[in-house]
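Below you'll find the structure, written out as structure tokens, and then a few comments.
The values are calculated or read from the model by the stated rules, or taken from the named source; none is laboratory data. Remember, it's a predicted structure, so these values are computed and weren't measured experimentally. Cβ coordinates were reconstructed from backbone atoms using ideal geometry, including for glycine residues, and neighbour counts include every protein chain displayed. Note: areas computed on protein heavy atoms with side chains; ligands, DNA, RNA excluded. Shrake-Rupley method; radii C 1.70, N 1.55, O 1.52, S 1.80 Å.
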Amino acid sequence: TSALVLAWLTAAGAAAALHRQVPASGWLMVHLLLLGAVTTSILVWTQHFSVAVLHVRGSDSRRGEATRLIVANLGALAVITGVVAGVPSLVAGGAIAVAAAVAAHVGSLTGHLRASLPSRFGVTVRTYIAAGVLLIPGVALGVALARGDWDDSTYDRLSLAHATLAVLGWVFLPIMGTLVTLWPTMLRTRIAGAAERHARQALPALVLATLVAAGGLLGGAPII
């Protein structure tokens, strides 16, 4: 898994270095990093932290985890190839594969949550589940961007809504959920007594805020 992440990061670095010679270089640099390296990392580490927090056996799910990683990475590769080569059907097929892998990941985490004993920090796993759910419509917007011939205003709204769901939803939520337990561990201090309660209260607000922001952008609502 580390090799997969390193390969995506290397490709992103190469795209940055050769951006003048590479078609769609701006899009390519962002998606090699986020769709490739970051998504792979999130799939790996949210599974790892969920197993640790819920005290469930992780070995039984290794085959499923490997399958999800393979499908997600092949899907990401198909999306990137399709955009660079100008093949919308390849973009759509790759996006469906990524969405399917993320949906299966959400299902796996939900299964862990249901099968485990009550955990003080089960909210961490719930943030991972919410992040995966938010990414799926974000993927759909990405496909719409690639396949549609939009006017500038519509394209900008779709693009910003796509980025909101992908970054604030898929990337930001897992970071926030993990920091509840990881940050005190890194500082070698005890977790604050109210941390779990605050995390439970914050999660619905963060999800709702992300949805409102994306919905406002799609509806053309003014920023101020």
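Couple of notes before you dig in:
- Scan of the range 177-205 for residues that are in contact (Cβ under 8 Å) with a residue 40 or more places away in the chain and open to solvent by 80 Å² or more (accessible area, probe 1.4 Å), ordered by number: Arg200
- Of all residues in the range 101-153, those satisfying the criterion of being without any contact (Cβ under 8 Å) to a residue 12 or more places away in the chain and part of a helix (DSSP H, G or I) are Gly107, Gly111, Arg114, Asp152.
- Sole exception among (1) over 14 Å from Val133 (Cβ atoms); (2) surrounded by fewer than 18 Cβ atoms within 10 Å (Cβ to Cβ) for Leu208, by number: (1)
- In the range 53-77, residue farthest from Pro137 (Cα to Cα) [restricted to those that are open to solvent by 20 Å² or more (accessible area, probe 1.4 Å) and of a type in the set (A, V, I, L, M)]: Val56
- Search result, residues across the range 83-109 that are buried (at least 20 other Cβ atoms within 10 Å of the Cβ) and β-branched (Val, Ile, Thr): Val83, Val91, Val98, Val102
- Helices (runs of 4 or more DSSP H) lying entirely in the range 1-90 (those with 2 or more residues that are within 18 Å of His105 (Cα to Cα) and of a type in the set (D, E, K, R)): 62-85
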